[in-house]
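Peer 1: Take a look at the following structure, please.
Read-outs throughout are calculated quantities, based only on the coordinates presented, and are distinct from any laboratory measurement. The model shown is predicted, which means the values in this text are computed figures rather than measured ones. Ideal geometry is used to build each Cβ from the backbone, glycine not excepted, and the neighbour counts take in all protein chains shown.
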Protein chains: 2
Amino acid sequence: MPANVLDGAEVARQTRNELRARVEAFTASRKRPPGLGIVLVGHDPGSEVYVRNKLKSAGETGLRADLHRLPEDASLVEVVAAVRELNASGVHDGILVQSPLPAALGPEAEQVVFDEVDPAKDVDGFHPVNVGRLVQGRPFLVPCTPLGILELLDRTGTPIKGRHAVVIGRSDIVGKPVALLLLHRHATVTICHSRTVDLPKVAATADILVVAIGRAGFVTRDFVKPGATVIDVGMNRVDDREQARKLFPEGHPRLAAFDRRGSVLVGDVHPEVWEVAGALTPVPGGVGPLTIALLLSNTLKAAEARS
Amino acid sequence: MPANVLDGAEVARQTRNELRARVEAFTASRKRPPGLGIVLVGHDPGSEVYVRNKLKSAGETGLRADLHRLPEDASLVEVVAAVRELNASGVHDGILVQSPLPAALGPEAEQVVFDEVDPAKDVDGFHPVNVGRLVQGRPFLVPCTPLGILELLDRTGTPIKGRHAVVIGRSDIVGKPVALLLLHRHATVTICHSRTVDLPKVAATADILVVAIGRAGFVTRDFVKPGATVIDVGMNRVDDREQARKLFPEGHPRLAAFDRRGSVLVGDVHPEVWEVAGALTPVPGGVGPLTIALLLSNTLKAAEARS
């Protein structure tokens, strides 16, 4: 029996619908909508897609969203200045600096820029104050993807308390914050990564397995306890047919799509896991749409707190 | 073969000896010693002991340490004022507010007071900015007990990378920060707590087991994989002879000490674990002395960063 589909797109729709009413109430009482300012430096194709989706989704939910574009060769001073302008803005409640910044800005640039964002407007939840508050169990603005994962688990009735959650990946954006959220919801939590010894065996102890490592199809059936809930945060573009063929058999519609387009988007979880897991997020259509919905939710939260 | 003794008192002595030279160099070049300001509210007997040990140890290591006493019935405003005075002080580089504050100040008082401490002087590492920086892998001031545990593991040559560490307890002071430190040192980390299902079985998967729950002798031999390294953070006063008898057999010197004094200090780990573990911290004389040594180290670090 194949795994239940954890339909992130549908949960995101529900979440946005509920948000819309709150956004309307905010707008009616404050005579302005909640506002999101996005800083985009350069023209990374992936970032262009993400930003377009964020702007569209914000507009459909009744928020104001403004894009502050900077050229590919903008200096760090210029990027920081754009953030400070949004910090001072009365109509922008949330600020998001689209990652990645151009490599020419140097390896420390993102941290420097993220640290400049007013913690009260930090809708990505990257500022150390917001990270610290999350750890201390008094969260204010929390990273969107981890929040989306919790929303998905809750809205699909997946119990968390007392269950063993294994998180593969220890990034600041997904792995560590989702581990903390699950811990505070009384899961027993294990964090794994590239140095973990016998990773499949550790992963297979999970009732809830969260995978966020950015490696196409890395998690195969031997990583998964039968019946486990698996959350696939990966979003990898595969443009090598041999690799695509390792994920999908000849004749599979996704492989046919590859042959038409020359690439296919896949998660970190191998499709064969559908045969083992109890429930699994599809890619695309799983965690991705929820990340955007929770970004809008964070913006409204920041707006309500600021007023 | 009984477990090796992880001699925290000896490691703390080494650490303090190395600190002393750095403290002397600081004092010579800045014409003043690094300074620690301690705020103590009321007369909790445990706190009196801890504060006395901290003052003594600071003095022996060449630091200046001043005690700011407030009466048991001090108001929250008065406690905050004491912290602000130390924030503004030129001769105090580190500030410590001794926990617990009197219960009459209310359940939120500690968080309110800790948040007032200048992050640059926050030698306990409790301010959200310092917690956030720890999570993000750019630690500045980190809680002393977790730092002491890492110091002990390193100075006794205990490998961390790739090993499975299980932390029992998820406090902000010990459990969560030690889990993060071990994770950043490339351990696979599991965090357990009161809601963990089948705790002994999970604990017994650990190569390194850290116990910080405050329950005398809770961790018995069935929690421990033979040969594991066990760090006992607990410090519990047992004043019931029946309970003491469950920990020590008749004729044991610790039970004889109980009979003389009417109480005995024990850790969270049952003494029978000496027969199973590969290495174990004694209580007292394990993690406790290291916590104070790392407090002095944090004070020097804050002093050096401030100047």
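Peer 1: Report, by chain and number, residues whose modeled amide H sits under 5 Å from the one on B:ASN4, excluding near sequence neighbours (fewer than 5 apart, same chain).
Peer 2: Amide H neighbours of B:ASN4, under 5 Å, 5+ apart: B:ALA279, B:LEU280.
Peer 1: With each label point set 7 Å from Cα along the Cα-Cβ vector, what nm distance links B:GLU78 and A:GLU78?
Peer 2: Each label point is offset 7 Å from its Cα along the Cβ direction, giving 5.8 nm.
Peer 1: Write down the percent of antiparallel bridges among all DSSP beta bridges whose residues are both part of the protein assembly as shown, to the nearest 5. Could you put the intermediate results ahead of the total?
Peer 2: Working: 9 of 69 bridges.
Around 15 percent of the beta bridges assigned by DSSP in the protein assembly as shown are antiparallel ones.
Peer 1: At what distance in angstrom do the alpha carbon centres of segment A:253-297 and segment B:87-132 lie from each other?
Peer 2: Cα centres, segment A:253-297 to segment B:87-132: 46 Å.
Peer 1: Taking one equal scatterer on every alpha-carbon of segment A:138-289, how large is log10 of I(q)/I(0) by Debye at q = 0.08, 0.18, 0.20 1/Å?
Peer 2: -0.22, -1.03, -1.23
Peer 1: Which value, in Å³ per residue, describes the convex hull spanned by the Cα atoms of chain B?
Peer 2: 138
Peer 1: Determine the gain in length on full extension of the stretch B:ASP222-B:GLU60; use 0.36 nm per residue of separation and subtract their C-alpha separation, reporting nm with one decimal. Present the calculation step by step, with values, prior to reporting the outcome.
Peer 2: On the way: separation 162, 0.36 × 162 = 58.32 nm, distance 4.16 nm.
That pair, B:ASP222 and B:GLU60, stretches by 54.2 nm at full extension.
Peer 1: Provide the net charge surrounding B:ARG64, with neighbours chosen by a C-beta distance below 10 Å and charges set as Lys +1, Arg +1, Asp -1, Glu -1.
Peer 2: Working: positive: B:ARG32; negative: B:ASP66, B:ASP93.
Charge balance in the 10 Å sphere: -1.
Peer 1: Here's a follow-up. I need to check one value: relative contact order of chain A, counting alpha carbon pairs closer than 8 Å and at least 6 residues apart, in percent. Don't skip to the answer; put the middle values down first.
Peer 2: Numbers: 610 pairs, mean separation 67.2, N = 307.
Over chain A, the number comes to 22 percent.
Peer 1: Considering the Cα trace of segment B:22-79, what is its radius of gyration and what is Dmax, both in angstroms?
Peer 2: 14.0, 41
Peer 1: If I model a spin label at A:ARG32 and A:HIS252 as a point 7 Å from the Cα along the Cα→Cβ vector, what separation in nanometres do I get?
Peer 2: 5.0
Peer 1: Would you mind listing the distances between the B:ARG69 label point and the same position in each other copy? Use 7 Å along Cα-to-C-beta, nm, one decimal, shortest first.
Peer 2: Shortest to longest, the spacings are 6.9 nm.
Peer 1: Considering segment A:31-155, what Rg and Dmax in Å follow from its alpha-carbon atoms?
Peer 2: 14.7, 43
Peer 1: Here's something else I'd like to know. Assign unit charges at the C-beta atoms only (+1 for Lys and Arg, -1 for Asp and Glu), then state the dipole size of chain B relative to its Cα centre in Debye, rounded to the nearest 20.
Peer 2: Details: 36 positive and 36 negative charges, 177 e Å.
So the magnitude is around 860 debye.
Peer 1: With a cut-off of 19 Å, note down the residues of segment A:261-302 whose backbone N falls inside the zone around a label point 7 Å from the Cα of A:GLN14 toward its beta carbon.
Peer 2: A:278-283, A:285-298
Peer 1: From a point 7 Å beyond the Cα of A:ASN53 in the direction of its Cβ, which residues of segment A:243-261 have a backbone N at a distance under 20 Å?
Peer 2: A:254-255, A:257-258, A:261
Peer 1: In the structure shown, do any of A:LYS31/A:LYS56; A:LYS161/B:LYS54; B:LYS31/B:LYS54; A:LYS201/A:LYS246 have a Cα-Cα gap over 30 Å, and if so which? Present the calculation step by step, with values, prior to reporting the outcome.
Peer 2: Working: A:LYS31/A:LYS56 22 Å; A:LYS161/B:LYS54 39 Å; B:LYS31/B:LYS54 23 Å; A:LYS201/A:LYS246 22 Å.
Check vs 30 Å cut-off fails for A:LYS161/B:LYS54.
Peer 1: Apply the Karplus curve 6.51 cos²θ - 1.76 cosθ + 1.60, θ = phi - 60°, to the phi angles in segment B:91-97 and return the couplings in whole Hz, x for Gly and Pro.
Peer 2: Ordered by residue, 3J(HN,Hα) equals 9, 10, 9, x, 10, 9, 9 Hz.
Peer 1: Quick one: go through segment A:24-45 and flag any residue whose amide nitrogen is under 16 Å from the point 7 Å out along the Cα-to-Cβ line of A:GLU85.
Peer 2: Correct set: A:36-42.
Peer 1: Something else now. For A:ASN53, place a label point 7 Å from Cα along the Cα-to-Cβ direction in every copy; what are the distances to the other copies, in nm, shortest first?
Peer 2: Here A:ASN53 shows inter-copy label distances of 5.3 nm.
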